[in-house]
1. When GLY72 is evaluated against the numbered criteria (1) on the phi > 0 side of the Ramachandran plot; (2) at pLDDT 80 or above, which criterion, by number, is the only one it fails?
2. Do we find that TYR105 is closer than 30 Å to ILE10 by Cβ and either among the aromatic types (Phe, Trp, Tyr) or modelled with pLDDT under 80 (or both) in this structure?
3. Give me the residue from region 87-109 that is part of a loop (DSSP other than H, G, I, E, B) and hydrophobic (A, V, I, L, M, F, W, C) and, out of that set, farthest from the chain's Cα centre (by Cα).
4. Residues in region 40-86 that are within 21 Å of the chain's Cα centre (by Cα), closer than 20 Å to ILE10 by Cα and of a type in the set (Asp, Glu): how many?
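The values are calculated or read from the model by the stated rules, or taken from the named source; none is laboratory data. Computed from a predicted model, the values in this text were never measured in an experiment. Here the Cβ is made from the backbone with ideal geometry for all residues, glycine too, and neighbour counts use every protein chain on show.
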Amino acid sequence: MKYALLLTLIFAGTHLYASEHNTTGKPSQTTKSKVKKNDNNVTDKKKKLAEKIKKQMELEEKYAKEQRFYQGDEYDLKAHEVDPNSLPDVPVIEPDDDFDITDVYRDDI
C-alpha cells in the first residue's frame, strides 16, 4: 500500500517536472502571453495533482483500515473458541423429513 502511494507520487512528480521543463528537446518560444498561459496551466496541473494525491491518500487510509480489520490482530477471540473435546457430547439432530432436491430441478412436474 505504501509503495503504491510512493510510486504515484514519483510518477506525478516526474510528470509535473517534465511539463514544467521543456523536455521534448524542441526549442521553446517565450512570449509574455505564452508564459502567462503556461503559468496558468502549471497551476491547474498542480491543483489536479494535489487532488489526485489527496484521493490516493484517502484510499490508502481506507485500505490500511480494512487490512487491520481483516488481519484481526486487535481482536481477542479466545473466549469464543470451541473445545474439540466437548464435540462428542453434542447430540446429533436428525431432520424431520427427508428432502430430495432432485424434485426441484425436474421439468416434467
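1. (2)
2. no
3. Out of the qualifying residues, it is ILE109.
4. 4
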